[in-house]
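Below: the structure, in structure tokens.
Taken together, the values in this text are just the output of simple stated rules run on the coordinates, not laboratory data. Predicted model only: the values in this text are computed from it and were never measured. Cβ placement follows ideal geometry from the backbone for every residue including glycine, while neighbour counts extend to all protein chains displayed.
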Amino acid sequence: MIKVENMMAFYRDTLGFQVVGDSGNADDSSWVWLRLGSCDLMLNDQYEPGHVPDELPLERTKWHKDTCLYFGADPDAAYEYLKSKGLAPEPPFDTAYGMRQLYLTDPDGYNLCFQRSSANG
């Protein structure tokens, strides 16, 4: 489950995204629109404020292993940047289909993949 206020520390403070808009509650927003360079990303909570159950239903969220792909990103530069922020991602690698990729999992378990063509260096 995405808790927007918890995710802000990762996407804004660690990855460097800027807040473009939110639901009007700053760090306690139910949604937030973020931007990093030419990449826009919207995080949206599963529940409206005030309607979050005391115990979250695991069945509702355990299968969300989606991957957000960032094309054109430099996986090697992203790797060094993430290490400088205290994260420990696996090093970038070249795929059999010609992409250089770096994977990272965010605090809610969503996979991020920074990738570009291996031919780009």
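Residues whose amide H falls under 5 Å from that of F17, counting only those 5 or more places apart or on a different chain, are R12, with hydrogens built in the peptide plane. Only Lys, Arg, Asp and Glu carry charge here, each on its Cβ (+1 for the first two, -1 for the last two); on that basis the range 64-121 has a dipole of about 60 debye about its Cα centre. Here's how it looks for T105: its modeled amide H is under 5 Å from those of L112, which are all 5 or more places away or on a different chain.
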